[in-house]
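A.B. asks: Pasting in a structure now, in structure tokens, and then I'll have a few things to ask.
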Number of protein chains: 2
Amino acid sequence: MSTPSRTGEETSGIPERGKPIDVEGVAHAQARLPSPEELSRLTSLLSLMSDPVRLRILYALDVSEELCVSDLALTLDVNEDQVGYALRLLRASGLVVTRKSGRIVYNRLAAGFPEPLRDHCLRRLVALTCETSDPHTR
Amino acid sequence: MSTPSRTGEETSGIPERGKPIDVEGVAHAQARLPSPEELSRLTSLLSLMSDPVRLRILYALDVSEELCVSDLALTLDVNEDQVGYALRLLRASGLVVTRKSGRIVYNRLAAGFPEPLRDHCLRRLVALTCETSDPHTR
DNA sequence: GCTAAAGCCGTACACTCCTACGGATGTACG
DNA sequence: CGTACATCCGTAGGAGTGTACGGCTTTAGC
């Protein structure tokens, strides 16, 4: 080849996207990447779970069927504002639903909250993050 | 009881934390909450995976063993700066390791990257987020 | 009816995080 | 040797996100 391999073929003005080094690897990966919709759902879910308050709320609701705002604040030892804000997002995403009885609002995991998600993410994930020094050499 | 149940017993100046409504539920949940260390590890991992670029890098490295920075940028159709920044964090967390060959740096999932984490989080999580309209009534 | 509690809502502030840019480093190649 | 390239680093700017505060609504009890 006489021309440079990555930025030498700018026949027009567009910022030519250079040629891959591992053509096969790129094509292989591109074909298996999640779709934009899947990616969006995934990152939304993971973002929700990546906040300490929200994650612990999910844990608490997983073991205790139903809890009100003030009891959640006691459980997590944070103020009720934080719990209120966290629940607002969890409800908006459909992960948590409420039942109102008098002036008390009881929160629980939504019926659509998939059981495998509970199992995988709320229970096993803890175990997995402990094995960071796992001698798996693949 | 003659005194109010939640804020009436401030014998000293400390901001007395009121009594729970569901004493049992709070105690039950508190006893099973993850420890601060576990919580920290979990939220760190979830935060890392909740970014679209980083998550897709993990996906790409899962299916194509090894990819360099510029090829990752091509695969995800983002600029190399974004990939570089994402990889910086993924390496710092130990999830991704590098192999240098000449002027090219190849990236791959760390050997310690637990296989079950690949399976659960990178493969099944996508499927799970599709079943949001699952008619599980528990 | 009046008071107090449970919870929600809207706003402002502070903070964190991502992106983009410029330059620096080390390496292939003629 | 000098040029082009792959990548990394530090920094500055802007967007997004969580927390704190005040006020509002509904309900229970007297």
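Just so it is clear, none of the values below were taken in a lab; they were calculated from the coordinates. Please read these numbers as outputs of a predicted model, since none were measured by experiment. As a convention, Cβ positions derive from the backbone with ideal geometry for all residues, glycine included, and neighbour counts pool all protein chains shown.
A.B. asks: Place the label 7 angstrom along Cα→C-beta at residue B:36 and in each other copy, then list the distances from the first to the rest in nm, shortest first.
C.D. replies: 4.4
A.B. asks: While we're here: If we count every other residue with Cβ under 13 angstrom of residue B:47's Cβ, Lys/Arg +1 and Asp/Glu -1, where does the sum land?
C.D. replies: Local net charge: +1.
A.B. asks: 7 Å along Cα→Cβ for the label point: how many nanometres lie between residue A:110 and each equivalent label in the other copies, listed shortest first?
C.D. replies: Here residue A:110 shows inter-copy label distances of 3.4 nm.
A.B. asks: Apply 1/(1 + (r/R0)^6) to the Cβ-Cβ distance of residue B:38 and residue A:111, taking R0 = 25 Å, and write down the FRET efficiency to the nearest 0.05.
C.D. replies: Efficiency for this residue pair is about 0.35.
A.B. asks: With the label 7 angstrom out along Cα to Cβ, how close does residue B:23 come to the same site in each of the other copies, in nm, nearest first?
C.D. replies: Taking the point 7 Å beyond Cα along Cα→Cβ, the inter-copy spacings are 7.4 nm.
A.B. asks: Please enumerate, by chain and number, the lysines with C-alpha under 29 Å from the C-alpha of residue A:100, excluding those fewer than 8 residues away in the same chain.
C.D. replies: B:19
A.B. asks: Further question: Each label point is 7 Å from the Cα along the Cα-to-Cβ direction; what then is the distance between the points at residue B:63 and residue A:101, in nm?
C.D. replies: 4.9 nm
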